[in-house]
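Chemist: Take a look at this one; I'll ask things after.
The values are calculated or read from the model by the stated rules, or taken from the named source; none is laboratory data. Bear in mind that the values here come from a model prediction, so they are computed numbers and not experimental data. For neighbour counting, all protein chains shown are included, and Cβ atoms are generated from backbone atoms with ideal geometry for every residue, glycine included.
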Amino acid sequence: MNTTIIGRENEIKILERLLHSQDPELLAIYGRRRIGKTFLIKSYYQKHIAFSCSGQYNGKTREQLINFTEQLNLYFPEKKMLLAPTTWQEAFSILRERLDGLKGASKKVIFFDELPWLDTHKSGFLSAFSYFWNIHASQRGDILVVICGSAASWIIDKVVNNKGGLHNRITQRIRLLPFNLKETETYLRYRNIKLDHYQILQLYMVMGGVPAYLKAVEGGLSAGQIIEKCCFSKDGILANEFGNLYAALFNNPNKHIEVIQALSRKSKGLTRSEILKTSKLSTGGSITTILNELTESGFIQKTYPFEKKEKDSLYRLADEFSLFYFRFMQRRDGHSYEKDTWLGLQATQTYISWCGYAFENICMKHIAQIKKALQIGGVQSVESSWYTPGRGKNSGAQIDLLIDRADHCINICEMKFNKKPFVIDRKYAADLQKRAMVFRETTDTKKTLFLTFITTYGLFDNDHTRQLSDAEITMQAFFQ
């Protein structure tokens, strides 16, 4: 298989260290669907994999055991089996016997892909796997067991936080995240896709940094043409993706989707109680579980308003494609698309509001790059939002991103997506000054406030810009 790995520098360092470890290792790697988990492990460890098998989606226990047997026959052809074992205990006993026959001190990688799918109802898989690790694999310094799954919450609950045989057995965790914008650019260039930063930014606002989505990008097309083809043609890679995305990760995805849909309507995010009210879900432990599962899988992001407590925390929709789906694709499910659908949608108010929300999400995911551009990369900081409701004659005020710094300064960040340099006019200038004043009065902060503008093409030079702007960052900072 193609072994060129784009990005993933930190993950590769971990994989390399585990490969040369003198101890038995149990690595859990998880992340959302189509993020490149399997590719990373099989590419980096391809010369070291002694056995590999994968769970089958919705497969019965018998089917999983047959698949396991076929893999045993593939990796150990000299001891070919005609009949599959009837239990997982027996299956792991056979695997142990096969591994005992492998010689040499070099690391032998045992890879279980889509582990949650292997653990079918009452199959005894997890118990048998625990026994295999505790009695056999954990006694061998030449063994590295890698378990992988898209259902991040399952990996966390059933393995990482296991209270039984796997308690505290994980020696390393990797949560694989989507590419950032720089990695996305590198990946596209590797595939000879020639797009400028504005075009890549537009793609990212729809697809995020999901490698499997980006793989569908064709050369010689603009971002608009690519979005049209991927999302609004009947054979587009994303045309039917939403229905599969959550179903593959969660056993009962309807409630998860209700939460996602509720968050898609509020760019500032929602509190737990607001989610319950908006989505009409029942209170209790189920909503906590759903929020944790969506957070661990990277679909939503938990943020904390400025100087607020845990109960005031906000949840934001962080998955680019889910936001895009609810804004533009959901109402067309089951209907044919007109030619140039995306071109027509770009003339709507929905498109303008979506651009603002999607660009803000990108900023939230590139805080490290923003701080580097502000030359405060080494300064400790806490990122948050702030909102105060209107009282009496005073209207409310909101700031979507604050960078509260340890050097007694706060960056008040304005995030603006625009096709050309953004113009600060008189009305907007007055609004900025008012919000900064209300923020200082309401919070009683004594810190220095810097008005910071994060835009696509910078600010148009006028008197308001020169008077108000303390710092200015363009989209180029995201690609550094």
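Chemist: Taking Lys372 as the residue in question, decide whether it is in the same structural domain as Ile410 (by TED's automatic domain parsing) and either at pLDDT 95 or above or assigned to a helix (DSSP H, G or I) (or both).
Modeler: yes
Chemist: Looking at (1) more than 29 Å from Gly104 (Cα to Cα); (2) not in a helix (DSSP H, G or I); (3) not aliphatic (A, V, I, L, M), which is the only condition Arg62 fails?
Modeler: (2)
Chemist: Out of (1) assigned to a helix (DSSP H, G or I); (2) out of contact with any Gly (no Cβ under 9 Å at 6 or more places or on another chain); (3) at pLDDT 95 or above; (4) surrounded by fewer than 17 Cβ atoms within 10 Å (Cβ to Cβ), what's the single condition that is false for Asn244?
Modeler: For Asn244, the exception is condition (3).
Chemist: Taking the condition of being modelled with pLDDT under 90, over 11 Å from the mean Cα position of the chain (by Cα) and more than 16 Å from Ser273 (Cα to Cα), how many residues in the range 294-318 meet it?
Modeler: 1
Chemist: Could you run through the range 288-320 and say how many residues are buried (at least 20 other Cβ atoms within 10 Å of the Cβ) and assigned to a helix (DSSP H, G or I)?
Modeler: Final tally of qualifying residues: 5.
Chemist: Check whether at least one residue in the range 269-280 is surrounded by 20 or more Cβ atoms within 10 Å (Cβ to Cβ) and touching a residue at least 60 places away in the same chain (Cβ under 8 Å), and report yes or no.
Modeler: Yes: the range 269-280 contains one or more residues that are surrounded by 20 or more Cβ atoms within 10 Å (Cβ to Cβ) and touching a residue at least 60 places away in the same chain (Cβ under 8 Å).
Chemist: Hey, any hits in the range 385-403 for a residue that's closer than 25 Å to Ile362 by Cβ, exposed (fewer than 12 other Cβ atoms within 10 Å of the Cβ) and among the polar types (S, T, N, Q)?
Modeler: Checking the range 385-403: not a single residue is closer than 25 Å to Ile362 by Cβ, exposed (fewer than 12 other Cβ atoms within 10 Å of the Cβ) and among the polar types (S, T, N, Q).
Chemist: Does Ser93 qualify as being among the hydroxyl-bearing types (Ser, Thr, Tyr) and under 30 Å from Glu293 (Cα atoms)?
Modeler: No, not satisfied.
Chemist: Take Ile424 and tell me if it is more than 32 Å from the chain's Cα centre (by Cα), at negative phi and surrounded by 15 or more Cβ atoms within 10 Å (Cβ to Cβ).
Modeler: yes
Chemist: Continuing with this model, one more query. Could you please let me know if Arg8 is at positive phi and at pLDDT below 95?
Modeler: Criteria not met by Arg8.
Chemist: Among the residues of the range 385-428, which ones are part of a loop (DSSP other than H, G, I, E, B), in contact (Cβ under 8 Å) with a residue 12 or more places away in the chain and within 23 Å of Thr303 (Cα to Cα)?
Modeler: Ala406, Asp407, His408, Phe417
Chemist: Taking the range 436-480 as the search range and keeping residues that are assigned to a loop (DSSP other than H, G, I, E, B) and among the basic types (Lys, Arg), which one is surrounded by the most Cβ atoms within 10 Å (Cβ to Cβ)?
Modeler: Ranking the candidates gives Lys447 first.
Chemist: Also: List the residue pairs whose Cβ atoms are under 9 Å apart, where the first residue sits in the range 294-320 and is at positive phi and not assigned by TED's automatic domain parsing to the domain that holds Tyr30, the second is assigned to a helix (DSSP H, G or I) and at pLDDT 90 or above, and the two are 6 or more positions apart or on different chains.
Modeler: Matching pairs, first to second residue: Glu307/Thr443.
Chemist: To continue, here is another question. So the check is Cβ under 8 Å with 6+ separation or different chains; which pairs have a first residue in the range 429-444 that's assigned by TED's automatic domain parsing to the domain that holds Cys413 and a second one that's assigned to a helix (DSSP H, G or I)?
Modeler: Note: pairs meeting the criteria are Ala429/His464; Ala429/Gln467; Ala429/Leu468; Leu432/Leu468; Gln433/Leu468.
Chemist: Scan the range 7-22 and tell me whether some residue there is closer than 21 Å to Asp157 by Cα and polar (S, T, N, Q).
Modeler: No, every residue in the range 7-22 fails to be closer than 21 Å to Asp157 by Cα and polar (S, T, N, Q).
Chemist: Exactly one of these conditions fails for Tyr30: (1) modelled with pLDDT under 95; (2) surrounded by fewer than 17 Cβ atoms within 10 Å (Cβ to Cβ); (3) of a type in the set (Ser, Thr, Tyr). Give me its number.
Modeler: It fails just one condition, (2).
Chemist: What about Leu19, is it in contact with a helix residue (DSSP H, G or I) (Cβ under 8 Å, 6 or more places away or on another chain), of a type in the set (A, V, I, L, M, F, W, C) and either crowded, with 18+ Cβ neighbours inside 10 Å or in contact (Cβ under 8 Å) with a residue 40 or more places away in the chain (or both)?
Modeler: When the stated conditions are applied, Leu19 does not pass them.
Chemist: Moving on. Test Arg272 against the criterion of being closer than 25 Å to Thr350 by Cβ and not assigned by TED's automatic domain parsing to the domain that holds Asp404, and give yes or no.
Modeler: no
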